[in-house]
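Below is one structure, written out as structure tokens; comments come after it.
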Amino acid sequence: MKKLLILLFLLFFFSSPSVFADDISDFEIEGISIGDSLLDYMTEDEILEEIELSISLNEYYYLKEPLKYVHVYLYNYSSTFEGNLSFLLKNTPSSKYISKKNDKYIIQSIRGMIDFIEDLDGCMKKRDEIVKELSEMFPNERKSEHSYSDSEDPSGKSMKYDVDFIFNSGDEIEISCDNYEETYRKKHNWSEGLNVAIYTAETVNWLRDY
């Protein structure tokens, strides 16, 4: 039976007070796990519509393989995460879109976001609460904290503040705060705030392969 990773009142709780996981698929966010089929939560038409949008936006254009994965959003599913979750699905070079024959839309990452518009202090406070909980649950896992600017923002004022928990498998849990320069954020019609994400080792390597 899968152990639960649930964000409740902005803190993580497991189904057991003492849990040591070797595989990121043991975790869930809002009942969804790495390795699940997205068909359990969305129709195929909804998935294909999101895939088409992801490909047209090409938001990972700066990576060496920008279309190796596609980004799919699930709306109005989660009350905790402002109603929205997002996933990475592996793309395939043999077809324009992923099909049921290609692993049934298997989820490779899960991310939820909570808005903290122009409230970096509030975001960082909640981020640190979650980090404290995870640090107590996983005292032996490697933890990495870093901040960096958004290279696309010419002002240099848009920042991201990450804390990563890195498992022996290379899988990661990331808790981060986005804080965009306000003019830049409004220009792109973006939100900002707290992100909670689970990544497989393969997606971690892909996202860092510039």
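The values are calculated or read from the model by the stated rules, or taken from the named source; none is laboratory data. Note that this is a predicted model, so its numbers are computed, not measured. Here the Cβ positions follow ideal geometry from the backbone for every residue, glycine too, while neighbour counts run over all protein chains shown.
Could you please give the count of residues in the stretch 147-204 that are among the basic types (Lys, Arg) and closer than 18 Å to VAL131 by Cβ? Let's see the steps before the verdict.
Within the stretch 147-204, the subset among the basic types (Lys, Arg) is 157, 160, 185-187.
From what is left, the residues that are closer than 18 Å to VAL131 by Cβ are 160.
Here the count works out to 1.
Mind checking which strands (runs of 3 or more DSSP E) fall wholly inside the stretch 124-210 and carry at least 1 residues that are of a type in the set (Lys, Arg) and under 19 Å from GLY112 (Cα atoms)?
Numbers: elements: 142-149, 159-166, 172-179, 193-199.
Once the strands (runs of 3 or more DSSP E) in the stretch 124-210 are filtered for at least 1 residues that are of a type in the set (Lys, Arg) and under 19 Å from GLY112 (Cα atoms), what remains is 159-166.
Of all residues in the stretch 177-194 being surrounded by fewer than 21 Cβ atoms within 10 Å (Cβ to Cβ) and within 27 Å of GLU30 (Cα to Cα), which is farthest from the chain's Cα centre (by Cα)? Walk me through it before giving the result.
Our first condition is that a residue be surrounded by fewer than 21 Cβ atoms within 10 Å (Cβ to Cβ); within the stretch 177-194, this holds for 181-191.
Within this subset, residues satisfying the condition of being within 27 Å of GLU30 (Cα to Cα) are 189-191.
Details: ASN189: 19, TRP190: 16, SER191: 15 Å.
Only one residue tops the list, namely ASN189.
Among the residues of the stretch 101-123, count how many are part of a strand (DSSP E or B) and of a type in the set (Gly, Ala, Ser). Write out each step before concluding.
Step one: list which residues in the stretch 101-123 are part of a strand (DSSP E or B), which gives 106-115.
Checking the rest, the ones that are also of a type in the set (Gly, Ala, Ser) come to 109, 112.
Summing the residues that are part of a strand (DSSP E or B) and of a type in the set (Gly, Ala, Ser) in the stretch 101-123 gives 2.
Scan the stretch 10-38 and report the pairs whose first residue is at pLDDT 80 or above and whose second residue is polar (S, T, N, Q) and not in a loop (DSSP other than H, G, I, E, B), with Cβ atoms within less than 9 Å and a gap of 6+ or a chain change.
Once the first residue is at pLDDT 80 or above and sits in the stretch 10-38, its partners that are polar (S, T, N, Q) and not in a loop (DSSP other than H, G, I, E, B) give SER33/SER25; ILE34/SER25; ILE34/GLN108; ILE34/SER109; GLY35/SER25; GLY35/GLN108; ASP36/SER25.
In the set ASP162, ASP153, which member is without any contact (Cβ under 8 Å) to a residue 40 or more places away in the chain, touching a strand residue (DSSP E or B) at 6+ places or on another chain (Cβ under 6 Å) and surrounded by 13 or more Cβ atoms within 10 Å (Cβ to Cβ)?
Going through ASP162, ASP153 in turn, the sole match is ASP162.
Given ASP171, ASP119, which one is closer than 24 Å to ASP40 by Cα, among the acidic types (Asp, Glu) and either over 20 Å from the mean Cα position of the chain (by Cα) or surrounded by 13 or more Cβ atoms within 10 Å (Cβ to Cβ) (or both)?
On the way: ASP119 fails: closer than 24 Å to ASP40 by Cα.
Answer to the check: ASP171.
Is it fair to say TYR62 is among the aromatic types (Phe, Trp, Tyr), farther than 28 Å from SER37 by Cβ, surrounded by fewer than 19 Cβ atoms within 10 Å (Cβ to Cβ) and modelled with pLDDT under 90? First the steps, then the outcome.
Values: among the aromatic types (Phe, Trp, Tyr): yes; farther than 28 Å from SER37 by Cβ: yes; surrounded by fewer than 19 Cβ atoms within 10 Å (Cβ to Cβ): yes; modelled with pLDDT under 90: yes.
Taking the combined requirement at face value, the residue satisfies it.
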